[in-house]
Amino acid sequence: MKRFATLLLAMVLIASQINTHRHFINASLAAYYLYIIVVTGFTAFCAVWLLKRPVRDPQPAYSWPFVLYTLFTAYVVISSSLFTSFTYKTTYALAGLLFVIGLLIFINRVDNHHLKWIFNTIIALGVLQAGICLLQWLTVLPSTNRLFVVTGSWVNPNVTAMFLALSIPPLLYTLFERKGKLQGVLAAGLIMVVTALFLLKCRTALIGSGVAACILLTGKYQIAARFRTYSFFKRFTIVAGTIALFTLLTLWLYNTKKASTESRKLVWALSGRMITEKPLTGYGYGQFEKHYNLFQATYLAQLSGNTPLPEGAGYVNMAYNELLETTVEGGLPALLLEVCFGGCLLLFPWFSRKKKQSVATGAAPKETVQVPYQVAYAGVAAFITMSLVNFTFQAIPVYCVFLIYFVILSTNPVYNIRPLVRISIRWRQAMLKIAGIILIAGNGWLMFHWYKEALAQVLLKKVVIMAKRGSLTEAAKRMQLLHTSLSNAESFWRNYAYILLVSHKYQQAIQVLKKASAISADPDIHYALGYCYEQTGTWGQAIPEYQLAAHLEPQRLKPRYALMKLYYRSGDTLRLISMANQIIALPSKGNIEEANGYKTEASKLLHKIKNLSPADKVF
């Protein structure tokens, strides 16, 4: 059982790496469904242990990190049930808790030899991703995203880079432990990973890998203990040099992607304002994209005409800060739980009375190899650091590795909770058997449910391909059959609307697009709504949708061009002139040829209006 459970855990890690458009509308859905389905299989298999063998030591189930993580996940599920609805994010959080439970059972049943196999899997996947990045840079392999030269197996290069950052701790630890030829192989792997990190150009991953490396090197060479033996002048010089180096690195990281930094500063500022409006309940889990972009659009619409657009304003999917995003979605209670969870993981080893058994030395039974807690601690610290400047929860391979590190770390005795009531061994075994039955049945049902949902997403992709090939009537019929399974999926409603729109069924498309807009604030949805209203002759309803699309993505010219044409058709010359001037003033981005075409049309219209006699102008 141990070997098969270890194999299943390795399959969870591998599943999180798969990112492909072949079977899904969105490439990340492949990793999402494979991850949650394999997780349920892994946890159900581990639950069999609760029925077959007596537990060796139930202490991990009483650790503070596990309790806080369970409370946080329960809050997410209850909040979604009461205030909004179950979203992909809610399901993902629930799968995370199931994975943690399975990991706790697994770690409590296997020896540390099997844990090292998991570390080896993380190292192998990290080196493999680094190899893919190097081959993409050499143009041997194609990039998975046309906007970036190097991406790894994921479409978003940041996900690959952050995963590589979390592969640094086991890679460095194993490099220190092994000797001989294998050490040379590991050194080559480390060079590949570091090179790939720079090729991916992800500042977050560079920060995270730096934090992890510093923690491991500090423990390895006892830097903190040595520092205390230095003279005052030497310590002062080291501290001053460190601060100066940190300042220079911060300035360099800021200026390497200044536009991206300004965009995040705006997101953080507006997210802070959103929190003040709903501090207790938040806007609902999985609702950040919708509510933030609508909030930003309202903010931009209120700016006076002479005020320039804030640098970096645009459509975003996440807050690039997990604490902020959690608070926007779940309110201050969610923030409190998340801060307590992260603070517990990072600070308990330093303040616990059992500090001698903490991260620096590890703690394990004498008959086993020492648990490498320092590896897990370095990985957790890197993850939490990266969470402050980027998305980590939704980066599936990154979050998957974090959960493994967190569970390993939580088995350290410094996190133990002393039970208030002592339960007899017989009752404890009975309770564990009941828990095992519930876990097996629950995970079996969830696996079947999520498999059906994944199958519906695969069918959605096939229907969209069918529609693009011209079989619109058949595609519309099949979309109706998918309604029950994918009613909460924005991609379903958007693609259903596309089929109706291409079929010139504008009234039906409007109803479908309204359902899509209830889930997402994607500017394409509101642009399509405006187009449908325009085609049905209800220009009064088309204009607000075009305006919203323009404010949702202020640097995009297409909605402004549609507004300009509508103002021209309706004879609203003042607004036409204003919109044409905006189109000409905005920089050309994205499809340059298309943007320049809009600018040319705007210039022609302005020239045409100037040549009209005053009597011909309509105001």
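The values are calculated or read from the model by the stated rules, or taken from the named source; none is laboratory data. Everything numeric here is computed off the predicted structure, so don't read it as measured data. Every residue, glycine among them, receives a Cβ derived from its backbone with ideal geometry; neighbour counts consider all protein chains shown. Heavy atoms of the whole protein, side chains included, go into the accessibility calculation; ligands, DNA and RNA do not. Shrake-Rupley method; radii C 1.70, N 1.55, O 1.52, S 1.80 Å.
Could you list, in their original order, any pairs among 181/220; 290/558; 89/257; 462/505; 565/610 whose Cα atoms are separated by more than 23 Å?
89/257
Let me test this: with uniform point scatterers at the alpha carbons of the range 441-489, what is the Debye-based log₁₀ I(q)/I(0) at q = 0.26 1/Å?
After summing over all Cα pairs, the log10 values are -0.92.
What size of dipole, in debye to the nearest 20, comes out for the range 167-304 about its Cα centre when the only charges are +1 on Lys and Arg C-beta atoms and -1 on Asp and Glu C-beta atoms?
480 debye
Quick check on packing: order 383-395, 309-321 by the mean number of other C-beta atoms within 10 Å, highest mean leading.
Ranked by mean Cβ neighbours within 10 Å, highest first: 383-395, 309-321.
Obtain the nm distance between the two label points defined at residue 336 and residue 604 by a simple spin-label model: each point lies 7 Å from its Cα along the Cα-to-C-beta direction.
The modelled label-to-label distance comes out at 6.2 nm.
Would you tally the net charge around residue 186, using a Cβ to Cβ cut-off of less than 15 Å, leaving residue 186 out, and scoring K and R as +1, D and E as -1?
Residues close to residue 186 contribute a combined charge of +4.
For the chain, report the accessible area per residue in Å² (1.4 Å probe, heavy atoms, rounded to an integer).
Counting only protein heavy atoms, the per-residue value for the chain is 49 Å².
For the chain, with only Lys/Arg (+1) and Asp/Glu (-1) charged at the beta-carbon, what is the dipole magnitude about the Cα centre, in debye rounded to 20?
Dipole about the Cα centre, nearest 20: 1440 debye.
Looking at the calculated P(r) for the range 169-225, what percent of the C-alpha pair distances fall above 18 Å?
Beyond 18 Å sits 41 percent of the P(r) for the range 169-225.
Please express the Cα-Cα pair-distance distribution P(r) of the range 465-594 as a list of whole percents, one per 10 Å bin, running from 0 to the bin with the greatest distance.
Distribution as computed: 13, 38, 32, 15, 3 percent.
Given the rule -39500 (n - 2.57) for each run of at least 4 DSSP H residues, summed and divided by the residues of the chain, what is its mean residue ellipticity at 222 nm, to the nearest 500 deg cm²/dmol?
After summing the helix terms and dividing by residue count, I get -24500 deg cm²/dmol.
As a test of reading the structure, rank 43, 484 by solvent-accessible area (1.4 Å probe, protein chains only), most first.
Order by accessible area, largest first: 484, 43.
If one takes the longest principal axis of the Cα atoms in the chain, at what angle in degrees, from 0 to 90 and to the nearest 10, does the Cα axis of helix 558-570 lie?
Taking the Cα atoms of the chain, the angle to 558-570 is about 20 degrees.
Could you calculate, for the range 97-196, the ratio of the Cα radius of gyration to the Kirkwood radius, expressed as Rg to Rh?
1.06
What does the highest-first list of 113-119, 36-42 look like by mean Cβ count within 10 Å?
Highest mean packing first, the order is 36-42, 113-119.
Give me the dipole magnitude in Debye, nearest 20, for the range 260-332 about the Cα centre, with unit charges on the beta carbon: positive for Lys and Arg, negative for Asp and Glu.
That gives the range 260-332 a dipole magnitude of about 120 debye.
Give me the Debye-computed log₁₀ of I(q)/I(0) at q = 0.12 Å⁻¹ for the chain, equal point scatterers on Cα only, no solvent, two decimals.
Log-scaled intensity ratios, in q order: -1.35.
If you take the alpha carbon radius of gyration of the range 133-276 and divide it by 2.2 N^0.38 Å, what ratio comes out, to two decimals?
Cα-based Rg divided by the globular estimate yields 1.30.
Take each of the peptides 398-407, 578-587, 542-551, average the number of other beta-carbon atoms within 10 Å over its residues, and list them starting from the highest.
398-407, 542-551, 578-587
Report the local net charge at residue 203: Lys and Arg +1, Asp and Glu -1, summed over other residues whose C-beta lies under 12 Å from its C-beta.
Net charge around residue 203: +4.
Binning at 10 Å from 0, report for the range 200-299 what percent of all alpha-carbon pair distances ends up in each bin.
Here the calculated profile for the range 200-299 is 12, 27, 24, 21, 13, 3.
What does the charge count near residue 560 come to, summing +1 for each Lys or Arg and -1 for each Asp or Glu among other residues with Cβ under 12 Å from its Cβ?
+3
Return the ratio Rg/(2.2 N^0.38 Å) for the range 413-542, where Rg is computed over Cα atoms only.
1.72
Counting only protein heavy atoms and using a 1.4 Å probe, what share of the accessible area of the chain belongs to carbon plus sulfur, as a whole percent?
Using a 1.4 Å probe with all protein chains present, the chain comes out at 64 percent carbon and sulfur.
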